[in-house]
Structures are given as C-alpha cells and as structure tokens.
Amino acid sequence: MLLPLPGAAQTDKVSPAAAAAAKPAAPGNAGFDLDMLRERGIDPQLAEYFKEAPRFRPGVTVITLFVNGAKRGRIDARFNDKGELCFDKNVLDKGGLRIPDRTMGSTSATAVPGSLPTPVCYDYKASYPQTAIELRPGKEEVALIVPTSGLRPNEGDFSGYSSGGKAAILNYDILAARSQFSSTSSDFLSANLELGFNLQDWIVRTREMYSAQDNTSQRQHLYAYAQRTLMDYKSILQGGQINIASSAFASGPVTGVQILPEAALTDTGRNNVMVEGIAQSQARVEVRQVGAMIYTAVVPPGPFALTDLPLLNATSDLEVTVIEANGAQRRFIVPAASLHSGTLGNQRGYSFALGKLRSLGNSTGRQPWLATATGGWPLTKQTNVSAGLMAATSYQAASWGFDTRLFDTNLSLQQRMSNAAREGERGTQILVSSSSILSSSLSLSLSGTQQTLGYRDLMDTTIDLQGQPDWAQTRYRGQYTASLGWARDWLGGVNVSYSRSVQFTSASTQRVIGAWGKTYDFGTVNFNLEHEMGGGTRNGVSANTFYLTLSIPLGKRSVRSYINNSSGYNRLGASVNEQLNDYVNYTVSAERNTQSRETDLSTQVAVLPRYAQVNLGYSRYGSGSTAYNGGIRGGMVLHEQGLTLSPYPVQDTFGVLKVGDVSGIKVSTPYGPVWTDLWGQAVISQMPAYVSSRVEITTKSLPRNVDIKNGFKVVDPGRGSVNYVNFEVIRVRRILLNAKGPDQQVLPKGAFVLDADNQFVTTVVDDGQIFLINGIPGSQLHVQMPDGKNCSLQYKIADKPDPDMFFESTEAICRPDLQARKPGVSYVPSAPT
C-alpha cells in the first residue's frame, strides 16, 4: 500500500519499505506513525503537510476555477510551500476579481528552477475576509466564494483567452447534378470555395462561387477581406471587399473598411433565418441575395427547412428558387423584415463604414462612394435605441429605431428616410417586428415593412432605368409576415406562417405554410401545407401542396410513409433511412403517382469518410427520366505541423489537435466528431470565440496498447486564434504472468515484485498471478518473498504487442537468485521468430 497523500495523485515508484510505513499509527487515528516514517527514511513533515486537509503540491498545476458557483474555465494556478493558492494576476483576471492593494510578499508561490520570475501573489483574503477557498486536488478544481464587493464590474474581460497562431485554410463545397429526359439532358455544377489564413489574430478570407448550367456558366467573387478584433475597444476592424454589417440601412457589398462591435458574447455570428418550403421531387434549392447566389442544396421530396444561411446582410430580401427534377421552377421571396427579430439584448456600440459600392456578377449599375455611421445605446434594462446616417454620391439616408420588451413581448421599430438627389425622390420606410409568448403553449411573431413611392434604397439608385419607365410601380409597397405556434400534449405542435407582398400596382402575392406534428407510441405523424394565393401555378408547378407523413423509428433505422397531394392528384410513397455507423447513412424511397400510374424510385447516401462529407443520389421518374447528383464538402488546414483535412468547413476561430502519432482516434469537438489522420492530427473546425470549448477523446477508439494521460481538454479561444491541443499518449504493454517457482508451486500472495533498481513495481496476487501495467521485453524483475528470499522472473513474450489485445498472458518461472544470470544480463528471453 502506498503512502496516502489526500487529493494528490502518486506516479513515482515507492519502495516496499516506504509502502509499509504508510500504515496509520492506530485505528481511528488520522495521523501517521512518525517513528516508522523516520525508520523508513521518510520526512515526517510530509505527513504533517497532508494531515489537516487536502492540498495541492507546491508549484504550478492546471485547475478548473469556480467563482461563486460559476465555472470560469481552466487556468495555470500556483501554490506556495503551504499548498495555498496564489492570487496572482492570472487568477484574478480569470475569476473576474478585483485586484487588492496588498501583496503576499515573500510568501509567493514557489518558483521552478530555471523558470521565469514568479508573479506577485496578492493578499486577496486580507482585503475580503469573507472569502472562502475550497481546494479539490482530487478533481483538479478550486472553488472560491467571494463577496460581491470583491467582484469586478460585469464587463467583458477577454485577457484569459488564447491568441496568436498561424495557419492557412481552404473550404470547399462542390455539387454536381445531371438530369436525363426522354430526348434531352441537363447538367448543373456549382463550386463554393473559401480560401484564407489566420496570422497573429488577423483573419483573411476570400470566397468564390462558380455555377454552370449546360452551356452557360457564371463566376461570382463574393468577398475578400482582412479582419482583426481590437481587444481594447471590444470592436472588429474589417477591410477589403466586405458587406456592411449594419441593420440600419439596406446596402450592397462595398470595397472599403468598417469598424463594428465584437458580438461574440451574444452569438450573433449565427442567424435564426429559416427558409421553408415543399419540394415535390428530389429538387435543387437556390437562395440568392442582392443578385448573388449564396446557397444551393439538393433536398429530398417533401417539406424542407434551410437554416443558418450565409447571408450577405440582414436588410435585403432573399429570392428562393426550387428547381424540380423535371426542370420545373418555382420562386418565392423571403422578406428582409423576417430575417431578424430585433436587437434587444445584443451588444450595443458604434459602427462606421467607408467604401465604394461594388457589383456582384455581371451587374453594370453605378458604384458610388458611401459612408455610414450607426450607434446603439441601452435606454433602460428593457429598451435599446439606435440611430444612423448614410451619405453617398447623390444619395443620403437617416435611420432611427428602438427595441423594447413589454411583458412577454419583444417589439422592434425602425424608420428609414432617404433622399435620392439624382432621381429627385424622397421617401420613408418603416419596419416593425414583434415576437410574443402569449401563454405557456402559444407564441406569435409578426413583421411588416411599409414604404412610400419615393423611398429608395442605395441599391435602387444604382439601377439603369432607361427603358423601364414603370420600374418604381413594380416595387413592393408593403411586405407582411405572421407566424403562430401552438403546442399541447394532446394536440402536438402546430405552426402556421403567412406572408404577403403588395406592389404599388396593387398586384399582390400571398403564401401560407402550415405544419402540425405529434409523436405517438408507435411513431410521429406530421402534416405540412403550402398554399400560394393569387399565384395559381408557376412554370407548371402547383402552388398548392400538402404532405401527410408517418415516421416509425426502428433503432438506427426509420421507416417513413407519406401521401402528397398536388394539383388535385395524389402521390403515395415510402422510404427507409438507416444510420449504418459513424460514417454511412442512406435513404431509399419509392413513390407511386396516381395520375401517371408510374412508380418513381430514389436513393441518397451520405458518407463521412473521416476527412470529408460526401453525398450521392440517384432518382428515376417513371420510365423516361433519371437524375444523378453528387456533392463533396469539407476543409483543409495548412499549419506548422503539416496539412490536415477536415470533414467540416473551417471557420474564423479553429484549432488543430494531436493524439500522439495514433491514427483513427475519434475526438468530440464543438462542431462534431473528427478522426485523427496518419500523423495523429485532426482539425477542430469551429470554436466559438471567447467561450470555453470541450475537446474530448472517445476512449473506446484507442488501441488496446495505448493509454492517455488526460482525454479531456478545455480550450478558451480568442477571435482569430489558431489553437493547438495536444493529448499525450503512452504506449503500454500489459502482461499477465502466471508465475511459479522451480518446483511448480505458485508464488505466495503479497510478495513484492521489484525492478533492477530494487524499486517497487507491483505485488503477487491470487494463484501466483502478476499483472505488469507496462511490461518491457528484456527488463529484469525479481520477487521478494515473505521469508526474505529472492528469485528472478523468466518468461517469453513476443517482440511486438498485439494492439487489439488489452493484455498478454504467459507463463513465468521464478528461479532463485543463486541460479540467476549475472547482473546486467536480461532475464527475459526474446520470443522465437
């Protein structure tokens, strides 16, 4: 038994004599037998150090810090010779604690020889006597309970987060599709590429979009910019070909610079935009904004919902095109007013932008210079106000707005006023949005945009109107949306969305989407409805569609059947979906058309071959049409240790992990699971800035002969940093020896097993078994018997271990030392070849 050190992990070898000295002095006595410790050559002060309470060893230890019950993350903490926590600048910053006036002087933490000077330890408890410090060395944690007067004001402090690093990235998303009809065929190809690098917290990115339809092709350069977070000002500096990140004005892409608040703490990097619709076949959906295609995807038949779209801005409408397998197309507009639900609770601050408008694609519009300035201020805890100005060549605009919370309703109001001097037009636009929780089961969201005939966005003034005298009349006078959600246990969940757009010519379009779903013991039933009023049919595609589906889960497999009504005739279908393993998911579908009396077949396979995402699809419609599609997406990171592939696109803040040189290890990251490559490396493709991220090894994926010191890491990344996470591994060889003496008698239980230096290794257990945690071929081992006699172990073992075996078992003979070979000669013969 080893000397018990409360809360401290023992890794050093201890002699059997020292192990025997660890016995308590008497039953019920919390102390140690100090006389025996002296006899064994152990300093009695060691027992005194650990007698009263668990303590950390002197020096630097990585711990998790808690302050008043809130987790503050991992930190390098120092402990002095008494095991007391050093309240240095690092601990105070990480814990959000005020800096005391007094320091601890000479009682600062013990310095490690050859290390940098030890930082000053502040006497925090003298300044705030109510502070309680709980040390948890067994869990590598320190919990502080401090008075509120000892906490810093609640403001962003990012000093404890990582920074720096350098790496280059490439993200790719490639989609190819081919449709064959009875006498014609059509091909489509799109490639979305993003290239860039991170260097000392600078983020540089450029993005290209290429698409080709049969004999026509288009290349769009969406942006190229450099960005850096200004920590002292809690702002972001961005320059190059950018999109103005201001909700005060609708503007297109510019070439210039802008400064905007760092919104990491409000997670505004993601958006809550959802584009919903119904596809009648395996269709391709294209989403455009400001004339540029920002997203495309293939969706299966039935309802679809596209989320977290890469918007160019939050003030321009989205144009959605659904292209069916037979080439028919349907378009609808998602109004800009529904792209966000107000800014209440978001980080407020100032934004400035200066640049020249640039065109996307083949646009030939004017490209004026422009400047914007916007600001936001909290009026009360429940109300924010904002204002902004824009000035451009022959164009000026102003904006004001507010967000407030009344009871359970969030309300946002914004007014924009414009002066288009070149056109001689003035006007105003008002945007209103609200979201309400009417009861525990009922919610309502509304949005509306109304503008006068003379109102112009900046982009409106860049259009060449020659030959379009009625252009202004064809614009939207008003856009309105409403969404109602209701959920009850007996009913399930119901959601109805309505949108209406009215032009100045009084022409209007209306669209209703309804959804109901309820889960029963046998499965889930869903009903989806899409209805366009006043539109009839468009390009041969019905404007009225409903889907009724039944999904039944069967373990990793699920069965889905449905009925789809469109244009007065029904389609009956069924599909099977199965997740075979971590890498393969497939769907097979069959559908019967009651009008043509033909059967359609389709299949879709999603493959994750560790370092990319691959999607393959095939469809056959009736007897004369077939469609194929294939896509691949992922990322690459070129860093100091080589090139590493990622199955996910790499974002602005990322990392590279390493698990020794072991390949195929599964690691959980914030974005999803990844697997190490041949060099033991993998990419952490996305980590939220200024938020602690967990990275954890799935230990079941480790080879049997590999141990890991710590399979869990916490990373605190700063914006634009490249984070390197290293998991130290130990290759071990576990050996179970069935040891006997020369007389074939099993060795006595409790006998000590020692190495060549007489250091304790383990003990003999029942039936003469000896378990070696890390056996080494060629090492000398001998056994110390209870009667004082010694013998040397001899056994045969293969030169190389089997990585699929947890331990190896072999027979061993323990021969008396008188018969043993000379010192320095191995007692472990090599296995025969």
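Kindly indicate whether any position in region 635-655 is among the hydroxyl-bearing types (Ser, Thr, Tyr) and either more than 28 Å from residue 199 (Cα to Cα) or surrounded by fewer than 16 Cβ atoms within 10 Å (Cβ to Cβ) (or both).
No: region 635-655 contains no residue that is among the hydroxyl-bearing types (Ser, Thr, Tyr) and either more than 28 Å from residue 199 (Cα to Cα) or surrounded by fewer than 16 Cβ atoms within 10 Å (Cβ to Cβ) (or both).
Looking at the structure I just gave you, is residue 79 under 25 Å from residue 693 (Cβ atoms), modelled with pLDDT of 85 or more and either aromatic (Phe, Trp, Tyr) or touching a Lys or Arg at 6+ places or on another chain (Cβ under 9 Å) (or both)?
For residue 79, the condition - under 25 Å from residue 693 (Cβ atoms), modelled with pLDDT of 85 or more and either aromatic (Phe, Trp, Tyr) or touching a Lys or Arg at 6+ places or on another chain (Cβ under 9 Å) (or both) - is not met.
Within region 181-225, which residues are in contact with a Gly (Cβ under 6 Å, 6 or more places away or on another chain) and more than 25 Å from residue 239 (Cβ to Cβ)?
The answer is 182, and nothing else.
Do you know which residues across region 479-494 are over 27 Å from residue 430 (Cα atoms), of a type outside the set (D, E, K, R) and either modelled with pLDDT of 90 or more or assigned to a strand (DSSP E or B) (or both)?
Filtering region 479-494 down to residues over 27 Å from residue 430 (Cα atoms) leaves 486-494.
When the remaining residues are screened for being of a type outside the set (D, E, K, R), the result is 486-487, 490-494.
Those that are over 27 Å from residue 430 (Cα atoms), of a type outside the set (D, E, K, R) and either modelled with pLDDT of 90 or more or assigned to a strand (DSSP E or B) (or both): 486, 487, 492, 493, 494.
Filter region 84-109 down to the residues that are surrounded by 15 or more Cβ atoms within 10 Å (Cβ to Cβ) and at pLDDT below 55 and list them by number.
108, 109, listed by residue number.
Among 670, 688, which is the only one that is free of Cβ contacts under 8 Å to residues at least 40 places away in the same chain and either assigned to a loop (DSSP other than H, G, I, E, B) or of a type in the set (Val, Ile, Thr) (or both)?
Every option except 670 fails the conditions.
Which residue is farthest from residue 262 (Cα to Cα), if the candidates are limited to region 714-746 and must be in contact (Cβ under 8 Å) with a residue 24 or more places away in the chain and charged (D, E, K, R)?
Here is the first cut: in region 714-746, the ones in contact (Cβ under 8 Å) with a residue 24 or more places away in the chain are 714-742.
Still in the list and also charged (D, E, K, R): 716, 719, 728, 731, 733-734, 740.
Details: 716: 17, 719: 9, 728: 35, 731: 44, 733: 51, 734: 52, 740: 70 Å.
Among those residues, the one meeting the criterion is 740.
So residue 666 fits all but one of (1) under 27 Å from residue 203 (Cβ atoms); (2) under 18 Å from the mean Cα position of the chain (by Cα); (3) modelled with pLDDT under 95; what number is the exception?
With (1) under 27 Å from residue 203 (Cβ atoms); (2) under 18 Å from the mean Cα position of the chain (by Cα); (3) modelled with pLDDT under 95 applied to residue 666, the lone miss is (1).
Out of (1) over 34 Å from the mean Cα position of the chain (by Cα); (2) without any contact (Cβ under 8 Å) to a residue 60 or more places away in the chain, the odd one out for residue 441 is which?
Going through (1) over 34 Å from the mean Cα position of the chain (by Cα); (2) without any contact (Cβ under 8 Å) to a residue 60 or more places away in the chain one by one, residue 441 breaks only (1).
Among residues belonging to region 235-279 that are within 23 Å of the chain's Cα centre (by Cα), in a strand (DSSP E or B) and of a type in the set (A, V, I, L, M), point out the one that is modelled with the highest pLDDT.
Only one residue tops the list, namely 236.
So which residues in region 400-449 are under 17 Å from residue 248 (Cβ atoms) and among the charged types (D, E, K, R), if there are any at all?
Scanning region 400-449 gives 403, 416.
How many of the residues making up region 530-552 are modelled with pLDDT under 90 and either farther than 17 Å from residue 324 by Cα or touching a Gly at 6+ places or on another chain (Cβ under 8 Å) (or both)?
Residues flagged as modelled with pLDDT under 90 and either farther than 17 Å from residue 324 by Cα or touching a Gly at 6+ places or on another chain (Cβ under 8 Å) (or both) within region 530-552 amount to 9.
Report yes if residue 672 is of a type outside the set (S, T, N, Q) and under 30 Å from residue 184 (Cβ atoms), otherwise no. First the steps, then the outcome.
Details: of a type outside the set (S, T, N, Q): yes; under 30 Å from residue 184 (Cβ atoms): no.
The answer is no for residue 672.
Would you mind stating whether residue 476 is under 29 Å from residue 276 (Cα atoms), modelled with pLDDT of 85 or more and more than 36 Å from the chain's Cα centre (by Cα)?
The answer is yes for residue 476.
Taking the condition of being in a strand (DSSP E or B) and out of contact with any Ser or Thr (no Cβ under 6 Å at 6 or more places or on another chain), how many residues in region 708-732 meet it? Steps first, please.
Keep residues of region 708-732 that are in a strand (DSSP E or B), which gives 708, 712-715, 717, 722-727, 729-731.
Next, only the ones that are out of contact with any Ser or Thr (no Cβ under 6 Å at 6 or more places or on another chain) stay: 708, 712-713, 722, 724-727, 729-731.
Result for region 708-732: 11.
Considering only residues that are assigned to a strand (DSSP E or B) and small (Gly, Ala, Ser), which ones fall in region 496-518? Steps first, please.
First pass over region 496-518, keeping only residues assigned to a strand (DSSP E or B): 496-503, 508-518.
Across region 496-518, the qualifying residues are 497, 499, 501, 508, 514, 515, 517.
The values are calculated or read from the model by the stated rules, or taken from the named source; none is laboratory data. Everything numeric here is computed off the predicted structure, so don't read it as measured data. A quick note on method: Cβ atoms are made from the backbone with ideal geometry, for glycine too, and the neighbour counts reach across all protein chains shown.
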